[in-house]
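The values are calculated or read from the model by the stated rules, or taken from the named source; none is laboratory data. Model, not experiment: these values are computed from the prediction. Here the Cβ positions follow ideal geometry from the backbone for every residue, glycine too, while neighbour counts run over all protein chains shown.
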């Protein structure tokens, strides 16, 4: 997925981003651990612009 951490935090139903920001979870990608994009990716849904169901559909289309 390609989405900024702020967008991920808004969609986080379990509150992991909030816990990571408070320091309750360490080494959390996008908070205190950097995210490195793969050099090559065959499927890369734009989670910044798409709703989750559309991301899933993009992944499924890419797998076929």
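Consider segment 1-24 and keep the residues that are surrounded by 15 or more Cβ atoms within 10 Å (Cβ to Cβ) and not in a helix (DSSP H, G or I). The one that is modelled with the lowest pLDDT is 1.
Tally the residues that are assigned to a loop (DSSP other than H, G, I, E, B) and within 25 Å of residue 19 (Cα to Cα), restricting the search to segment 51-64.
Adding up the residues that qualify gives 1.
Going by what's in this entry, would residue 37 be described as exposed (fewer than 10 other Cβ atoms within 10 Å of the Cβ) and either at pLDDT 85 or above or closer than 28 Å to residue 57 by Cβ (or both)? Taking the combined requirement at face value, the residue satisfies it.
Residue 40 passes every criterion in (1) free of Cβ contacts under 8 Å to residues at least 40 places away in the same chain; (2) part of a loop (DSSP other than H, G, I, E, B); (3) in contact with a helix residue (DSSP H, G or I) (Cβ under 9 Å, 6 or more places away or on another chain) apart from (3). Contact map, segment 49-64: residues that are surrounded by 10 or more Cβ atoms within 10 Å (Cβ to Cβ) paired with residues that are not in a loop (DSSP other than H, G, I, E, B), Cβ distance under 8 Å, separation 6+ or inter-chain. Pairs shown: 50/58.
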